[in-house]
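One structure below.
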Amino acid sequence: MCIANICKVKKILGGNKALADFSGLEDIVDTRLLQKISVNDFLLVHAGFALQKVEKKDALKMIKDIKETLL
């Protein structure tokens with residue numbers, strides 16, 4: 001089974017890359033599959049690739065649900 005994670009864009013790096021925050025862990029994600037992203041956008045990421053943008057309220061609910069499941 002594969003899992004995609006939610007992250008928040010912290011900085012646009014150029015070259016189809018962005019620095020993203022995964023609930024406190026930062027990593028670089030590849031954004032080539034998306035038309036346009038901005039700082040503070042929430043993204044659904046799998047295997048290092050941003051698959052889609054997620055609305056803020058939906059992203060915050062997903063993050064909350066994941067944290068509750070893991071605790």
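What follows is calculated from the coordinates using simple rules that are stated; it is not laboratory data. Bear in mind that the values here come from a model prediction, so they are computed numbers and not experimental data. Cβ placement follows ideal geometry from the backbone for every residue including glycine, while neighbour counts extend to all protein chains displayed.
Over every pair of different alpha-carbon atoms in the chain, take the mean of 1/r and invert it; report that Kirkwood radius in Å.
12.1
May I ask for the angle, rounded to the nearest 10°, between helix 56-70 and the longest principal axis of the chain, with both axes built from Cα atoms and the value confined to 0 to 90°?
It is inclined by approximately 50 degrees.
Show the residues, 5+ positions off or on another chain, whose built amide H is closer than 5 Å to the amide H of LYS11.
Placed amide hydrogens put LEU19 under 5 Å from LYS11.
Roughly how many nanometres apart are two label points built 7 Å out from the Cα toward the Cβ at GLN52 and LEU19?
Here the modelled spin labels are 2.9 nm apart.
Once the piece of chain linking ASP65 and ARG32 is laid out straight, how much longer is it, given 0.36 nm per residue of separation minus the C-alpha distance between them?
Extending this stretch completely gives an extra 9.1 nm.
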